[in-house]
Amino acid sequence: MWTRKTAVLSSICISAGLGAMIFVDYQLLIICVIFTLILCLSFTSTETKFELTRYLPEPKTFEGDQVTVHLRITNLGRLSGLIEIYDKLPTTMKLVKGSNHVFLNLRRYESLDIKYTIECPLRGYYLLGPVIIRKRDFFNIFCEKKVILNRSYLTVYPRSEDIRRLPIESRYRKIHPGMLTLRQLGFGTEFHSIRDYIKSDPFKKINWKATAKLNKLMVNQYELEDVFDVMIFLDARSITKVGSTLRNPLEFGVKAAATLANTFLKRTNRVGLVTYSDKVRVIKPGSGETHLATIISTLTGTYAMGNTSFKTAVDTATPYLTPRSPIILISPITEDDTIKFTLRDLTAKNFHVSIISPSAIDFEREVDGYYSPRYLMIKLERDNRLSELRGYGGKIIDWTPDKPLAEVVREVR
Amino acid sequence: MNLKTNKTKKTEDETDTESSEYDLELTKYKTAKRKERRSILTVITLLVILMIVLGSIIYFSNTKKTSQLSAYGDRWNDISNFREHLLDQKDNNNNELYTTSSILSSPTVLRDLDNPEHCLYVAIGIEKEYSTDAVKAIIDFAWEGGSVIIADDYGYGNSFVEKAQEYDESFNIRFVGKQLWDENYEKDPRFIKINVKKDESKFFEGVILLNDPTALKNQNPTEKWPGRTMVSSSSKGWIDIDGDGSPTPYLEDEQMSKKPIIHELEVGDGKVVLISDPSIFINDMWSRENNSVFADALVRYLVPNTDDDNFKNNNTKLIIFDESLHIQENIISNSRQTFYQGLVGFTSDTQLAILIGILALLFLGVMIIIVDDPPSLRHRFNIDFYSLKELKNPIITAADCDRIRYIYLERLRMTHGLSIEEFKDLSYDELYDIIKDPDLVDFALEWDKKYYGEELENILIKIQKYF
């Protein structure tokens with residue numbers, strides 16, 4: 001590879017050669033010959049041969065975690081001279097400790113270990129590498145670049161939050177009992193209401209505080225706990241990448257979906273996932289650790305693209321929807337006119353629909369940092385749209401970027 | 001609903017099939033077009049290659065035919081005897097009198113000679129045209145005291161004259177280029193014998209033998225180019241202008257008279273001798289009559305012994321044979337000659353040299369600008385930002401007025417839990433009771449009124465505060 005020094009020297013060489021011929025000047029000729037010799041020497045002395053191995057102790061990690069990368073380089077050629085090694089990393093990764101860019105000088109068959117730590121703030125499937133080696137000659141004139149396609153895979157899963165109190169409730173009982181509360185009275189652990197004591201009530205259910213207050217025996221009633229199916233719809237259209245790479249409706253939506261799926265599955269419920277971007281991907285409702293891994297993997301590889309409507313997603317997922325089960329839609333509800341009517345249809349079919357709506361314009365405002373008149377106008381329009389959707393029977397949560405996930409989930413109830 | 005979906009799906013499938021068939025046809029058409037273009041290109045390329053090969057063959061076969069009059073060749077029509085004879089010449093101290101050299105590139109190298117007054121430029125048989133720069137260099141060389149022999153008969157000798165005329169219009173002498181006949185010949189009429197007289201030539205007396213000579217014309221001296229004819233034909237000489245083999249009375253040149261054969265021009269401090277027959281010097285004619293003596297005498301006349309002791313002690317006289325005007329007989333010699341000619345061409349032409357100098361500097365500048373150092377290999381944590389199309393322009397304009405009005409009324413309706421019909425039926429007073437702000441009431445009801453800039457922004461802020 002040519003450097004600016006190469007260009008200058010070559011040009012001087014040519015100019016001196018021409019000058020020597022034009023002015024019949026031997027001094028210029030000597031300059032030309034010397035520079036040509038230097039160029040030739042430099043050009044022939046940049047051959048390199050290296051072997052590289054990269055080792056990742058944790059090839060699978062979670063958002064925000066740190067990963068240490070080990071890189072071993074061995075010189076298989078001659079004396080290396082000054083070499084520059086650069087292990088290419090995705091731009092969304094932060095270098096926390098050490099460096100992926102080093103200068104070193106290796107003797108024949110000498111090896112060196114390079115270690116550095118990276119932080120992965122964004123979920124996704126990543127490739128580390130290739131390694132770029134640049135060697136310069138003694139005069140620093142030419143620069144040989146070699147790309148070694150030694151790649152390692154790193155998976156960064158979205159991080160889910162712990163939520164103690166589950167917000168979603170079903171109104172209908174399934175055959176197998178489970179841990180989730182239904183909006184029916186029964187033998188659960190979640191408090192529902194109090195009532196007058198009847199003879200068959202066990203004493204442990206008596207609410208002594210209420211009894212003292214009302215001057216008659218009162219007992220606690222609890223909600224019935226049971227298993228139900230939840231279907232999570234995640235909007236991954238290209239509109240959802242509005243904002244920054246790290247903070248946008250899709251990233252927030254992925255986190256919310258991972259958290260909800262994790263929590264529901266931990267309580268032995270069955271969870272399905274539908275993502276719609278350029279096409280619709282459906283994961284049938286299921287339970288267990290393996291199913292959670294499938295959902296998390298799908299969420300990890302979900303990227304904002306395409307413009308499939310919510311209606312298409314529902315139509316595709318209809319065979320997998322358990323009748324009258326809860327549905328959670330995570331969408332900024334922008335640029336999709338089908339949401340309104342689809343929501344109406346779902347409500348009519350007794351599905352319990354909750355919409356978590358990350359506000360796309362607020363994500364953009366977060367980047368811009370000021371309230372423009374147009375922002376106010378669009379914000380009002382969005383508020384209208386949310387109100388209208390509420391009228392169709394959905395539970396709507398407006399999720400602005402400053403609101404934590406736990407609080408949003410609490411609002412669903 | 002499902003049926004509808006299926007139907008739509010089917011239609012999409014059909015469309016896909018049609019589209020894929022169309023794509024296939026398009027691909028086939030494109031492939032055929034590409035093949036056609038490729039075959040045309042192949043034919044053109046082959047033709048070009050064929051032309052180059054044929055051109056080279058013709059060029060080099062011609063080259064082989066016409067190679068002659070070389071100072072370094074020893075065939076009958078070369079002039080090596082002349083060169084060797086000069087090399088054998090010794091002075092009184094038995095030192096070599098002459099050194100010979102040759103020009104392979106261009107006569108423009110004569111400019112670089114240090115002592116032109118001790119040099120003789122010899123061009124015998126001109127098989128290529130002189131360039132203007134070369135003629136200028138020869139005349140400059142002569143002007144500074146150098147001597148020049150240009151011997152030609154039917155070749156490109158006149159190109160020297162034409163280019164010299166560009167240098168100075170009064171340079172008139174030229175080679176006739178037609179056969180000179182004379183009654184005084186040896187066995188064959190083409191071998192003409194010329195009696196050279198001392199009082200004319202000033203350096204030689206005797207007989208020389210010519211072979212198929214031509215003559216010179218317009219030899220009369222001018223003010224700027226003084227000179228004299230050294231050797232002429234007999235008074236029975238005539239030039240066969242029309243090529244009929246006999247003198248034609250009404251053509252002036254075909255009338256019998258003394259025709260100039262060798263002419264000397266005085267150019268500055270030097271001399272230019274034009275000879276209308278190069279065969280005086282060829283190996284086959286070298287020992288015929290007094291040709292060799294004449295040639296020797298001519299050289300001695302043009303580069304006489306010098307009294308300059310400094311020059312004598314260190315140098316010999318330099319005889320330069322111009323080989324650049326001969327066509328080379330093989331590829332290597334020809335390529336070498338072309339290379340030298342190109343090299344000397346651009347180094348000796350001042351304007352070209354300046355141009356090349358400027359180009360070299362430009363090249364240097366461009367290289368420095370274009371070629372950059374390899375980019376820095378540094379990891380950069382980089383986050384992209386994406387924006388909503390609608391928010392790219394943060395300002396609201398009068399065009400947004402109706403949209404804001406619609407948003408406001410819709411919000412008002414939903415806030416007060418009214419249906420569209422109920423809201424439409426509201427009277428002005430009822431609406432005023434709800435809104436309680438005259439500006440907002442006006443804004444809500446007066447659809448024809450347009451709001452601009454700051455006014456509209458204020459309305460928007462009021463709406464936001466209202467809710």
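Considering each residue of segment B:435-467, count those that are within 20 Å of A:LEU380 (Cα to Cα) and part of a helix (DSSP H, G or I), and give that number.
Final tally of qualifying residues: 22.
For every residue, the table says whether it meets (1) out of contact with any His (no Cβ under 7 Å at 6 or more places or on another chain); (2) crowded, with 17+ Cβ neighbours inside 10 Å.
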site	(1), (2)
A:VAL67	yes, yes
A:LEU71	yes, yes
A:ILE83	yes, yes
A:ASP87	yes, yes
A:ASN100	no, yes
A:TYR125	yes, no
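In the list B:GLU390, B:GLU421, which residue meets the criterion of being loosely packed, with under 10 Cβ neighbours inside 10 Å and either under 24 Å from A:PRO249 (Cβ atoms) or more than 9 Å from chain A (Cβ to nearest Cβ) (or both)?
Checking each option against the conditions leaves just B:GLU421.
Looking only at segment B:371-386, count how many residues are aromatic (Phe, Trp, Tyr) and closer than 17 Å to A:ASN248 by Cα.
Within segment B:371-386, residues that are aromatic (Phe, Trp, Tyr) and closer than 17 Å to A:ASN248 by Cα number 2.
Give me a count of the residues in segment A:253-304 that are surrounded by fewer than 21 Cβ atoms within 10 Å (Cβ to Cβ) and of a type in the set (S, T, N, Q).
9
Residue by residue through segment B:248-268, note down the ones that are over 30 Å from B:ILE139 (Cα atoms) and outside any loop (DSSP other than H, G, I, E, B).
Residues satisfying the conditions are B:GLU252, B:GLU254.
Confirm whether A:THR268 is more than 23 Å from A:ILE397 (Cα to Cα) and either outside any helix (DSSP H, G or I) or modelled with pLDDT of 95 or more (or both).
Criteria met by A:THR268.
If you check A:THR53 against the conditions, is it in contact (Cβ under 8 Å) with a residue 40 or more places away in the chain, in contact with a Gly (Cβ under 9 Å, 6 or more places away or on another chain) and either part of a strand (DSSP E or B) or polar (S, T, N, Q) (or both)?
no
So, in segment B:173-187, how many residues would count as being farther than 20 Å from B:ALA134 by Cβ, open to solvent by 50 Å² or more (accessible area, probe 1.4 Å) and not aromatic (Phe, Trp, Tyr)?
Qualifying residue count, segment B:173-187: 4.
From the list A:THR298, A:THR302, pick out the single residue that is part of a loop (DSSP other than H, G, I, E, B), more than 9 Å from chain B (Cβ to nearest Cβ), under 22 Å from the mean Cα position of the chain (by Cα) and not acidic (Asp, Glu).
Answer to the selection: A:THR302.
From the set of residues in segment A:78-114 that are in contact with an Asp or Glu (Cβ under 8 Å, 6 or more places away or on another chain), assigned to a loop (DSSP other than H, G, I, E, B) and at the interface with another protein chain (Cβ under 8 Å from one of its Cβ atoms), which is farthest from A:THR48 (Cα to Cα)?
Out of the qualifying residues, it is A:MET93.
Give the residues of segment A:337-360 that are within 14 Å of another protein chain (Cβ to nearest Cβ), under 30 Å from B:ALA398 (Cα atoms) and surrounded by fewer than 24 Cβ atoms within 10 Å (Cβ to Cβ), sorted by residue number.
If the condition is that a residue be within 14 Å of another protein chain (Cβ to nearest Cβ), under 30 Å from B:ALA398 (Cα atoms) and surrounded by fewer than 24 Cβ atoms within 10 Å (Cβ to Cβ), then A:THR338, A:LYS340 are the ones that fit.
Could you list all residues from segment B:196-247 that are of a type in the set (S, T, N, Q), assigned to a loop (DSSP other than H, G, I, E, B) and over 21 Å from B:GLU186 (Cα atoms)?
Across segment B:196-247, the qualifying residues are B:ASN218, B:GLN219, B:ASN220, B:THR222.
Within segment B:375-386, is there a residue that is more than 7 Å from chain A (Cβ to nearest Cβ) and open to solvent by less than 40 Å² (accessible area, probe 1.4 Å)?
no
Kindly list the number of the only condition in (1) at the interface with another protein chain (Cβ under 7 Å from one of its Cβ atoms); (2) surrounded by 13 or more Cβ atoms within 10 Å (Cβ to Cβ) that fails for B:CYS401.
(1)
Within segment A:361-379, count every residue that is crowded, with 21+ Cβ neighbours inside 10 Å, more than 8 Å from chain B (Cβ to nearest Cβ) and touching a Lys or Arg at 6+ places or on another chain (Cβ under 7 Å).
1
The values are calculated or read from the model by the stated rules, or taken from the named source; none is laboratory data. Predicted model only: the values in this text are computed from it and were never measured. FYI the Cβ positions are ideal-geometry reconstructions off the backbone, even for glycines, and counts take in every protein chain you see. Protein only, heavy atoms only, side chains kept; ligands, DNA and RNA dropped before computing areas. Shrake-Rupley method; radii C 1.70, N 1.55, O 1.52, S 1.80 Å.
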